[in-house]
Structure formats: C-alpha cells, structure tokens
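To keep things clear, I will list the structure first and then write my remarks on it.
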Amino acid sequence: MMSISLQVNGETHAIDVDPATPLLFVLRNYLGLTGAKLGCGLEQCGACAVLVDGQSTLSCSRAVSEFQGKVIATVESLAHGDQMSRVQQAFVGAGAAQCGYCIPGFVVAVTGMLESDPNPDAEAIQEALSSHLCRCGSHGRIKAAIDSLVGPRDAS
Amino acid sequence: MSNPSLINSPALDNWIKLDADGTVHVCSGKVDIGQRISTALGVLVGEELEIDPARIVVDPPDTSYPDEGMTSGSNSMMHSGNAVRAAAATARRHLLTRAAAKLGSGVDALVMDDGLISIRDTNQSVTYREVLDNATFGIAVDPDVTLKSPADYRWIGKDSKPRNLRDMVTGAMIYLHDMVLPEMRHARCVRPPNRLARLVSLSAEKVARLEAEGITLIRDGSFLAVVGDDEYLVIRAAERLARAATWDGATINAADLYGQLTSNPRESRPVVDGTPQDAPVPPLHEPPANAALTHAARYDKPYIMHGSIGPSVAAAKADGVGGLEIWTHSQGIQPLKTSISEALGITPDNLLIQHVPGAGCYGHNGADDAAFDAALIALALPGRPVLLKWTRDDEHAWEPYASAMSMELRASLDTDGAVIDWSHECYSDTHLGRPRPMLGGEGASRLLAALHLENPAPPFRPNPSMSSHAGLHRNIDPYYTFPAVRAIKNLVRDLPLRTSALRCLGGYANIFALESMMDELARHTDADPVAFRLRHLDDPRARNVIEAAADGIGWSKDRDDGVGRGIAFSRYCNCKTYTAIAIELTVNDVAEIEICKAVCAADAGEVVDTAGLSMQLEGGVLQAISWTLYEEVLFDQDGINSRDWETYPILTFAQAPPVDVIILDRPGAPHLGAGEASSEPVAAAIANALFDAAGIRARRLPMTPYNLRQAAMYGDG
C-alpha cells in the first residue's frame, strides 16, 4: 500500500492503495465513481474510458500510480447539475443506448475527440471510437449523435 | 383468454399499485434488459390511466412480483404487455365506475386526467386515490375488458422517451456491477481448463500465502473462489490461485465439429406446423415425379456466444440462519429461484432474488451461473454480502453458447417454377439450457458450478422439446405455402460445448438455410428472388414487409458495379413479428465483405413505443451482421481459445453499416413480439447478396475471408 495523490473531477484525493491497482478500480471502489465500467480489463472494449488531461484514456489496466499529477475527469463530471453536456444531450437526442453499459465510454470518447478536434472527419471519428465495442447494436444511433454535433461526415 | 401472465397472477393489485402520493407503479415480472420493455409497459398503463407515461414507475422485479417466468422468446409484449394493458384498462373502468358513484354523475360525464377524475365542465373532482378510499383495487383483472380505442391514443405509437437513458449517459445508472452493499466483499472464481477437467490438488504453500494476505479461499470439489476486501487484490489472488491448482488432463472432443453434428447419436422428431411430433421420422423419399428441378444443400453454423460487454455478476448474502438473498441480472428470477433452492436443498421461502440491471445479455448468458456461484460463496461466508464478478475470460470461456448447427435442405420445383416438395433437417445441441425447475433436479444440473461441486449434480441431459418453435426447431417450418413439407429436428448428443438460449435460438440458423435455399431456387430458375418469395406467400402482411424492404433497398433499380443485393424474410416463430431484410454489399479482393446498407421492414402489430421498437430491430440487425461475418467460438481439445475480444472479434463501429428501419404499424392489432425477429433473416440476406455480388454461395458461417475462399474453391454455386 502507498498513498497515491489523484486529481479527479476537480478534487484532489489521497488514497491508500496498492500502486499497481488499475485506475478504474480506484475510481469505482475508492471514490465511488462507477460511471466508467469494467468490461474486459484488457483495454479491448472501451467501457472504462475516462478523460486524462482531456484525452480519452482506457483505465482498466494501467496502474493508478501512472496517473499522479494528471487531470482525470470521469463521465460523472461532464454534466453540471441538471445540465447535461452537449455530447450527453446528443446521445439522449439520438436515443443512443440500449442496455447502456458501453455508453459512458462512448460519451467520454466523443467528448475527448471533440476537445482535441472540434471538426473531426469521418476517419478521425472512426479512430476515436476504434477501441469501443457495443453489443446491443447502437452503432447507428451513436453515429447519429455524433452527426448532430459535427454534421454528417461521409465515410472515406 | 390464455395469457399465462394473467392466469398466474389474476389480481389487479399484483400489477398496478397507487402509492401514498398517487404515483402509479407497474409491477411486471418481466425484466428490462435494454430492450426497453419498461418503457413500453409505462406507455400502456399511462395510456389507459391518462397519466404521462414518463411519470409511471416501473420497478425492477423481485421474486415477490407476478411470476412471468423467463423474459425471453420475444414474449414480453404479448404476455406482460397485454396483461398490464388489461390490468390498466380494468383499473380505468373501476376508477370511473366508482368515481361516478362518489360524484353522483354518469360515467359518460366524467373526464380522467393525470390522477384526477372530474365531472366535465365543473369543478367537482376526486383523485384516483380518493376513489379507492386510499385502499387497493381488490378486484381481478378482466382479460376481456374494453381497451381504449386507437383513435383516442395519446402516447401509444409515438416515440417514447426511453427510461434510464439520461442516467446511462451521465454515468448515474447503477448496474449490478456498480452496486455496493454494507460490509460487501469482492469475489472471483477460478475455473478448470475445460468443462470436463476436475481439480486434482492445490499447492498448500501457495494457498497459505494467500490466506496470510487476508484472502479467503472457497473450495467445494472443483469449485474454487477467492474472496477479499479489495477487488483488485482479489483479481490478483485468483490469478495466483489458478497457478496453484493442478487439474486432471480431461479433454473435450474438438475434432470435426460438423461431422459430429450429423454423425453423433441423436434424438429425432418430425416437426409439423412448427410443433415436434411423438412419431417416427418419415424417410426422405425420392423427389416427386413431376419435379422439374430438385436441389439439395447443406448449411453450417458454428458455436457463437452472447458476448455481453459487461461480464456476468451477482451479489449474495447469507444470514447464517438459513436465509439467502441474491441480486442478479438473470432473465428468469423465478425459475432461477427454484433451481437454486433445488441445488442447495433450501426451501424457496428462505430465498429472495432481486433483479438489478446488468449489461445486455441477449439470452441465457452467464448471469444465472454467476448467481449460483455467488450463492455458494455467500453460504460459505455468512454475515457479509459478496459481489462476484466473472472475468472477461470467464465470460468468453464459460457462458453457455448458442449451439453449432447443421441444416440439410432439399427442394423440388415443378415446370412452372413453384415449390412442390420441401425437406429441412436441422442438427443441433439444445438451446434450452436455462435453469428451470424440473422433476429430478434438472434445474440444478443446468447451473455451471453444480457440476463442479464435491457432490455434483448429474450432468444435464436435455430431452427434445415438444413445444411449438421452442428450440433448435424454431422456424424450421417454412412460412411459405408449400404443398409438401418434411421438417425434422435432430437433438444431437455428446457435442463438445455447453449450450443454451441465444437470441433467435435455432431460428437464426434455420432461416439462414431456408432463405438461402429460396434464393438458390430462384437463381436456378432465373426467377426474381422477391417475386419468387411473393408467389409462395398467402399472408398479405408477409408480402407487405418483403415489398417494403425491396422498395427500401431499391430492388428494381440498377446496381453499381460490384454491388450485390440480397433479401430474406421470416415471421418469428411463424406467429410473431414479420421481418424482411434487404442488404447491399461489396466484396474486396481479400474476400472481406463490406455491407453498404441494410433495410429492415417489420410488422410487429400495433406499435406501442416506435423509437424502442425501431431500436430493437436495428440492434438485432447489427448483432446478426456481427454473428454472420465475424463470430465463431474457437476451441481445441484442451478448451476454449476464444477468450477475449481479440480471439472472438465482433462488429466494430467502423464496420457497422447504416440500417434503415421501416415499420408497418397496425393500430388496434395485437402486439407481436419483436425483440429477436430482425436477427433471423440477416445471414441469408447477406449470403444472397454475396452471391449476387460475387457468385459465391456461402453455406458455412461465419462469412470470413477463409470460409468465402473455401466456398469459392469447393462450392457448387
């Protein structure tokens, strides 16, 4: 065990934890932030994505100690009170979820993508979502949500 | 009236409750698994009771709710939907009748709106609660009650706001994976290398080291689990325990799966009008004398998996004096309750099972097995609740798969190009492996860990299901009007992997074969595949969905170079939703299929929640595209090799084509189950489009470059 200092959603936390613990487990079990999901633990499905210094980052495998000094934002931080972020509003508007388990990861990925590139082309969108899986078949609705944010993009 | 839900729970108060502030609660025994059944149920109740459906509360059920068995088979709207609708309409009539007496008015002069019943154009009113004198309804649901007329609908058939959607996108939605109970500990299981292997020994030294670190080991025969306070340390402990275990060298028979399917021992039943018969199997006779063309083909489908994005999970707490509480995302909490009570030898009264949402499961995945795992662990450590999660490896390697299947078809046409003779045999393991109460403790046999215990349950040996369209024979019976049909189901024994229900059950493979054969026959006689289907269909609603899908894809228009078009149709279980799928695709020079566009035309009867239905249909198409193009459970004699998303790839965002959904609404017509319908025709629609594009007839799934090259080399076109 050691004390890890972590800046999450605008607050700094000191957490006594095995430093090898993946970030995801610290967020979920020590900070009560369960929006990021455990899907595979292998960085293959994207359900665990969080923003690290503004970039969408998979949190299920990399040790929490690697994230000291970084600015971490989880899906819970995107809405302000009752006001959902525009990405979240777009997902709701497009009805982009069935079971919803993968959706926080997609919301984070789209948020991170738009932060670095407000005008992504089709290739950039595919790249941003390439590590995210959905089993219910909400792909089309997720695309529609993104289209409503950036306008339709023809696949290249 | 034959609604099983109402027969089991006839009292109105079982279905609808008014709480102290007048909020209406719907108590359905069906569980919401992302298919938005709770949204649709809210709409039905809101419509009859004139309350905005968004304000109707639909609680997740526990085993004290109406017993509606399994949430499966696309039955929820037909069972719970109609039951809840009848309950709400009965409530409406009862409220209006009593309000009339209370207000001294005729029922016709009353207006019902948002919890209030008023005499029209007056200020005299009573609340729903006051009408009931703050009590319950105390009457039975009238199954023949008059329902609100479609002309008066305010919410049915509109796009409803899906429940929980906001919480899903903000991360506030609590799945079972996220649940925290006071004093809760975490657990992981350690599994054998394959389903036949058993534990020989554990390294005492390694176990002692784990225990010294505060990890508790649970062992019962070959069932192994570790429990501790910190989830990550428990995961690490499970990995270390796996290295401390020695298993016997039992192997599974991985040789020649498709050979096993048609040569292993089997039990065969003829299927007539969708229903298996206790009768000898009629032999396959010579084709009729007036046959101008007879064509035979065999189709194969591998084992595929549910592949839930969230691994299976369960929580359990034993009170130490006989009581056991389980939290599960199972689709059938009542059958699970009976099965677990059988397996553990405890009375059902001492068992409470609560449903909590999980990730989408699409059938019988690991949810029930995880519930039993958690129960075993909790009973070994009474007092504190335990949250057991399966790992990704557990989920991929241990969920009950959809059985591999082979289908042998033969059809004959007369000189006019009409089908005059049809034979379809399917070969498969069971699709009905869900834990269910059965004589002889079979429910227990269907729980994974029960087979690993020191005193194991006897192996589950399924009997051929004799129910209409129930399992491997689902949709074997053509919906087309053919003068002579021979349909045979073969329940094959001794196959290598454990199987159960995945969306569509046998229907996905049977319709792949049936609708591929229809296309092959059309091509052999230069008939248009759409026209060929229409000439064999009497039901206008079936014809309408095919015509709508053909229109949607631009069937009569010229194709671009290299683009192939295909169509396929089914009516789910021959009595539920009608679906036609049309596909446009291309094939590149390394034999990869790219789907350009899919059109799904469906008739699900009266639509309650248009957005929800459309989403289900679209999701079903995309999931089946994934099954068809990419999915196959890989295994060898030592065990499963598809153990993560790299070794079992599924459809990615970049590969997902646009899906146009066309819904043919039938206001006033009965609701038809729609949760699985759109997946059935997808494989054949793709196979038929592939043939159109490249002249390759794909009869073995998945349509990977390897299988397409095999078909191109060895196929007969």
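What follows is calculated from the coordinates using simple rules that are stated; it is not laboratory data. Note that the structure is predicted; figures quoted are calculated from it, not measured. Here the Cβ positions follow ideal geometry from the backbone for every residue, glycine too, while neighbour counts run over all protein chains shown.
Report, as an integer, the average count of C-beta atoms from other chains found within 10 Å of each Cβ along B:650-659. Per-residue shielding by partner chains comes out at 6.
With contacts taken as Cα pairs under 8 Å at a separation of at least 6 residues, chain B carries a relative contact order of 14 percent. Which percent of the Cα-Cα distances in chain B go past 40 Å? More than 40 Å apart: 36 percent of the Cα pairs in chain B.
The share of Cα pairs per 5 Å bin across chain A, counted from zero up to the longest distance, runs 2, 10, 19, 22, 20, 13, 8, 4, 1, 0, 0 percent. GNM on chain A, alpha-carbon springs under 10 angstrom: the most fluctuating residue among A:53, A:82, A:117 is A:82. Counting Cβ atoms of other protein chains within 10 Å of each Cβ in B:616-624 and taking the mean gives 4. Span-like helix criteria (full DSSP H runs; alpha carbon extent of at least 24 Å along the helix axis; mean Kyte-Doolittle hydropathy of at least -1.0) are satisfied in chain B by B:82-103, B:507-524, B:610-630.
Beta bridges assigned by DSSP with both partners in chain B are antiparallel in approximately 75 percent of cases.
Equivalent-ellipsoid semi-axes for the stretch A:2-76 (Cα gyration tensor, √(5λ), whole Å, largest first): 17, 13, 11. Label the stretch B:553-636 by shape, choosing from rounded, prolate and oblate, from the square roots a ≥ b ≥ c of the eigenvalues of the Cα gyration tensor; if a/c is under 1.5 it is rounded, and otherwise prolate applies when a/b is larger than b/c, oblate when it is not. Cα axes put the stretch B:553-636 in the oblate bin.
Treating each Cα of the stretch B:284-351 as one equal point scatterer and applying the Debye formula with no solvent, the log10 of I(q)/I(0) at q = 0.19, 0.25, 0.27 Å⁻¹ comes out as -0.89, -1.14, -1.23.
Residue-wise HN-Hα couplings along the stretch B:182-198, as the Karplus relation 6.51 cos²θ - 1.76 cosθ + 1.60 with θ = phi - 60° gives them from phi, are x, 6, 5, 10, 9, 9, 9, 9, 10, 9, x, x, 8, 6, 9, 6, 10 Hz; Gly and Pro carry x.
Ordered by the number of other Cβ atoms lying within 10 Å of each residue's own Cβ, fewest first, B:469, B:25 fall into the sequence B:25, B:469.
Estimated translational diffusion coefficient (Stokes-Einstein, Kirkwood radius over Cα pairs, 37 °C, 0.692 mPa s) of the stretch B:478-553: 221 µm² per second.
For the pair residue B:646 and residue B:588, a Förster radius of 25 Å applied to the C-beta separation gives a FRET efficiency near 0.70, rounded to the nearest 0.05. Overall shape: oblate for the stretch B:126-166, with the ratio a/c of the largest to smallest alpha carbon gyration tensor axis at 1.5 or above and b/c at least equal to a/b. For the stretch B:415-489, the set of GluC sites (Glu not before Pro) satisfying both a DSSP loop assignment and a count of at most 14 other C-beta atoms within 10 Å is given as B:454. A simple spin-label model places the labels of residue B:205 and residue B:255 4.0 nm from each other, with each point 7 Å out along Cα-to-Cβ. Cβ crowding within 10 Å ranks A:132, B:473 as A:132, B:473, fewest other Cβ atoms first. When the alpha carbon gyration tensor of the stretch B:4-170 is reduced to an equivalent ellipsoid, its three semi-axes come out at 27, 18, 15 angstrom, largest first.
The mean of 1/r over all pairs of different alpha-carbon atoms in the stretch B:614-717, once inverted, gives a Kirkwood hydrodynamic radius of 15.8 Å.
Note that the stretch B:267-406 carries a Kirkwood radius of 18.2 Å, evaluated over its alpha carbons pair by pair. Here, the stretch A:86-150 is characterised by an Rg to Rh ratio of 0.91, where Rg is the alpha-carbon radius of gyration and Rh the Kirkwood radius. For the pair residue B:135 and residue B:8, label points projected 7 Å from Cα toward Cβ lie 2.9 nm apart. For the segment B:301-309, counting C-beta atoms of other chains within 10 Å of every residue's C-beta and taking the mean gives 3. When each of B:424, B:329 is scored by the number of other beta-carbon atoms lying within 10 Å, the sequence from fewest to most is B:424, B:329.
Charge tally for residue B:491 (other residues, Cβ to Cβ under 9 Å; Lys, Arg +1; Asp, Glu -1): +2. Peptides B:646-653, B:234-241, B:135-142, B:601-608 ranked from most to least packed, by the mean per-residue count of other Cβ atoms within 10 Å: B:601-608, B:234-241, B:646-653, B:135-142.
Per-residue extension of 0.36 nm, minus the Cα-Cα distance of residue B:286 and residue B:152, leaves a gain of 42.4 nm for this segment. Plainly put, the protein assembly as shown has a radius of gyration that is 0.97 times its Kirkwood radius, both from alpha-carbon atoms, as the Rg/Rh ratio.
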